[in-house]
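Asks: What follows is a single structure, and I will ask about it in a moment.
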Amino acid sequence: MANIIEGYTYDIFISYRQKDNKGDRWVSRFVDALKTELEATFKEDISIYFDENPHDRLQETHNVDKSLEGKLKCLIFIPILSQTYCDPNSYAWQYEFLAFIKMTENDRFGKDVKLRSGNVTSRIFPVRIHDLEPEDVKLFEKETEGMLRALDFVFKTSTGVNRPLKVNEDHPNDNLNKTFYSDQINKVANAIKEIILGLKTEPVIPVKEKIRQSEPFEEIKKEEKSEEEKIPAKLNKRKLLSGVAILALLIIAAVLAYPKIFNLGKSKVARDPNGRISIAVNTFENLTGDTTMNTWSQGISELLIYKLGTSKEISVQNSQTMHEVYQSIGQTKNASIVPSLSREAALKLKAGLYITGNYIKTGNKICILAKLIDTKSDEVLWTGKVDGNLNSDYIVMADTLSTKVKNYLEIRALQQNTSQDFREAFTNSSEAYRKYIEGMNSFMNENYVSAIQSFKEAFKIDSTFTLAAFYIAYAYNNYYSMINGDILNLRYCKEWTQTAFKSRKRLPENYQIWVEAWKAYYNTNNANEMFYLYSLLENSDLKSRYYWYDIGSTYASFKKYDKAVKAFEKIETISSDWGGDWKYWEYYYWYGMACHYTGNHKKESKIYETGLNLFPNLGWLIYDQARCAISQEDTIQALELINKLMPLYKEAGFSARGIENDLGDLYKEANSLDKSEEHYRRALQLNPSWTVAMNNLAYLLIYYNKNIDEGMKLINRALELSPGNPAFLHTQGLGYYKQGKYEEALSRLEVVKDSSLAINLDLDQQIQEVKNALANQKKN
């Protein structure tokens, strides 16, 4: 019986096919050796369930013995993966392996456990004794919803031998895996110890209720009622959560790893304000003469960013931030840059060190050369190189190179505290990685259609490439917002978010936060959870304008304007440090909006002036500047700006009624309601059967209590012409509420909510107000 944690029958359950324990009885010997090793590893006795009697399961089609259900109540499940284990028709697969997975769904710990090092691993700990067929690996990964990470006991030779590793090998050096039986047994025991220690410290929370490991879910307090200004649909063009991957790349350096001790001797390396050694990794120069190798220019640097980002003591700027900096210094192409620009980029980022380098051909291999340079003195502190086949060994090469850099800095830590292995987030296919880099280049240039195509090709090549799935969802999110919420692309957002969410445990912890935030918005429509996850991501000093833009625009789209302003102010600071205004028009659009609705019109006007200096004929910013002028009662400037809009309206194909309708929106947003009403009425006069104009005028009359009865007549007429239109039902529901017809109001608003594709906090608040009024009416 289990001695470690109460409530479990056994500590370990060994699952295997009986046919794999015939002949030299490999499984029995493995269990005996493991028991001996565990006795030397644990102070307590560790109990193992191992059914050694082949007669108990001669007929593998028998129904599962009820007694086995109790025996499966274990802490760790070890399947012995052979060439026959992954068989859906076998007893071991159906009644042990799948049964354990199902049991963990209602288990207090769940299938996965957070280790003391901060990594996450599975309670299913596979031991592999043969190389498996690809379809067996896929089947295993499908059921576990994770990458197969097995401890190998495989003896493999160049002559085609593929068998279980023996205790004493006759020719151990022939084993291509270079593993020894006793070492592997020791690794199994150490892994078991890590898992059990993790279970001992794991908070006991039902797995389905976990939102963040070891962090309680705190419901966001309901904010005060937002201003009565209803932002029209066209202004809700948003980029929700699109800082996901930007943060995901960037935040690794700050939060994913373990404490390390730096002993730099006489070398003094600049640190950031938080005491971390800050490093900028530049793109590498392709000196191979082979243009097909160009993608590795960015690929090598990005891998190094990930590898070096496994320490809390190192702050590494991500590839997208480097791309932004290159643009700020006039280097628009995302390619290798000369050393002088490498240093300039590092200076702008206030990085104490920077890495630059190149790669060349040496025979049939590629040699990567790297330099670690002190930014302030421009002194080369370290040089290193690594050789290999870049197409097949790129992760190993990046591992080796980053380790050499770390060794120079004398980072020391206990082996068991090493950070998450990023191999799980990457791919073993160089072709898939090539497509991923192509996708990143398109993504950073806002070519989302091309990015989606490249990421999909990478994922098609390797369906376990979690980062590719992650970025497909991310790119669809940006594309969805860019085209004003197309329903088909919203479906793709949901599908790929779900795909990334299923394999999120392969990603670093902060990627998981972003995926959970996506899921809260797209799949579960849980605003409280989304805002909670955002609160985890706010507290950062990251130097990425895209990152802070996405936080700000998301908050602004949910009318959390104070929070939005704080995020946008971060961008101002970064741009000031980098010596130039950001050439990204949507930043000025959202920042100005946030200032408008916080009443800071002086700042709002300045923001639009800057934006219009960069984008002189951009209608969105001219419109917004006109709104700001109207709000400040600057009639002369407002008319000048409206006159600038007129040729743009005509160029865009606006009709006379469309222009009047848009001007109605403009004056309403500026809180000039009488002028807004004038323009809405003109639009309706130009086309008395135009339902859009009916709804806009009706909404204005109802919402602002100008003439509720007339508003209801208009909206009822609109619904006769367009039955079931959710926007029209929304206006009608508000009208019923104003008239005190609470049951009719609730009925209409709930229909609108059921048809809603995303979170709508205004609608939720209105429904709650109607419910409260209805409850009070019944009391009286």
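Asks: At least 1 residues that are in contact with an Asp or Glu (Cβ under 7 Å, 6 or more places away or on another chain), free of Cβ contacts under 8 Å to residues at least 40 places away in the same chain and open to solvent by 50 Å² or more (accessible area, probe 1.4 Å) in each: list the helices (runs of 4 or more DSSP H) lying fully within region 530-639 that qualify.
Replies: On the way: elements: 545-557, 561-578, 585-597, 601-614, 619-631.
Ranges flagged: 601-614.
Asks: Check Trp93 against each of (1) closer than 27 Å to Asp183 by Cβ; (2) modelled with pLDDT of 90 or more; (3) open to solvent by less than 80 Å² (accessible area, probe 1.4 Å) and name the one condition it does not meet.
Replies: The one condition Trp93 does not meet is (1).
Asks: Here's a follow-up. Among what's in region 642-690 and is of a type in the set (Ser, Thr, Tyr) and not in a helix (DSSP H, G or I), pick the residue that is modelled with the highest pLDDT.
Replies: Per the stated criteria, the residue is Ser672.
Yes/no per residue for (1) open to solvent by 30 Å² or more (accessible area, probe 1.4 Å); (2) within 19 Å of Val751 (Cβ to Cβ):
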| residue | (1), (2) |
| --- | --- |
| Arg682 | yes, no |
| Pro688 | yes, no |
| Ala698 | no, yes |
| Asp709 | yes, no |
| Met712 | no, yes |
| Ala718 | no, yes |
| Pro723 | yes, yes |
| His730 | no, yes |
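Asks: May I pose another question? Conditions: (1) over 29 Å from Thr731 (Cα atoms); (2) open to solvent by less than 60 Å² (accessible area, probe 1.4 Å). Ile659 meets all but one. Number of the miss?
Replies: Ile659 satisfies all of (1) over 29 Å from Thr731 (Cα atoms); (2) open to solvent by less than 60 Å² (accessible area, probe 1.4 Å) except (1).
Asks: To continue, here is another question. Scan region 14-41 and report the pairs whose first residue is free of Cβ contacts under 8 Å to residues at least 40 places away in the same chain and within 16 Å of Arg128 (Cβ to Cβ) and whose second residue is among the polar types (S, T, N, Q) and part of a helix (DSSP H, G or I), with Cβ atoms within less than 8 Å and a gap of 6+ or a chain change.
Replies: Asn21/Ser28
Asks: Related question: Taking Thr332 and the conditions (1) in a strand (DSSP E or B); (2) at pLDDT below 75, which numbered condition does it fall short on, given that it satisfies the others?
Replies: (1)
Asks: Among all residue pairs at least 6 apart or on different chains, which show Cβ distances below 6 Å where the first residue, located in region 145-164, is farther than 21 Å from Asn428 by Cα and the second is part of a loop (DSSP other than H, G, I, E, B) and of a type in the set (Phe, Trp, Tyr)?
Replies: Final answer for the pair search is Pro164/Phe153.
Asks: Scanning for something modelled with pLDDT of 85 or more, among the hydrophobic types (A, V, I, L, M, F, W, C) and open to solvent by less than 30 Å² (accessible area, probe 1.4 Å), does region 160-183 turn up at least one residue?
Replies: Looking through region 160-183, at least one residue is modelled with pLDDT of 85 or more, among the hydrophobic types (A, V, I, L, M, F, W, C) and open to solvent by less than 30 Å² (accessible area, probe 1.4 Å).
Asks: Can you tell me which condition Phe109 does not meet? The list is (1) part of a loop (DSSP other than H, G, I, E, B); (2) open to solvent by 20 Å² or more (accessible area, probe 1.4 Å); (3) not acidic (Asp, Glu), and all the others hold.
Replies: Unmet condition: (2).
Asks: A further question on this structure: Return the pair list, or none, for Cβ contacts closer than 9 Å from residues in region 286-309 that are outside any helix (DSSP H, G or I) to residues that are open to solvent by 10 Å² or more (accessible area, probe 1.4 Å) and among the basic types (Lys, Arg), at least 6 apart or on different chains.
Replies: Listed by first residue and then by second, the contacts come to Leu287/Lys361; Thr288/Lys361; Gly289/Lys361; Asp290/Lys361.
Asks: Here's something else I'd like to know. Among the listed residues Asp87, Asp131, which satisfies the condition of being out of contact with any helix residue (DSSP H, G or I) (no Cβ under 8 Å at 6 or more places or on another chain), among the acidic types (Asp, Glu) and in a loop (DSSP other than H, G, I, E, B)?
Replies: Being out of contact with any helix residue (DSSP H, G or I) (no Cβ under 8 Å at 6 or more places or on another chain), among the acidic types (Asp, Glu) and in a loop (DSSP other than H, G, I, E, B) holds for just one of Asp87, Asp131, which is Asp131.
The values are calculated or read from the model by the stated rules, or taken from the named source; none is laboratory data. The structure displayed is predicted, hence computed values, not measured ones. With ideal geometry, Cβ positions are generated from the backbone for all residues, glycine too; neighbour counts draw on all protein chains shown. Remember, those area values only see protein heavy atoms, side chains included, never the ligands or the DNA or RNA. Shrake-Rupley method; radii C 1.70, N 1.55, O 1.52, S 1.80 Å.
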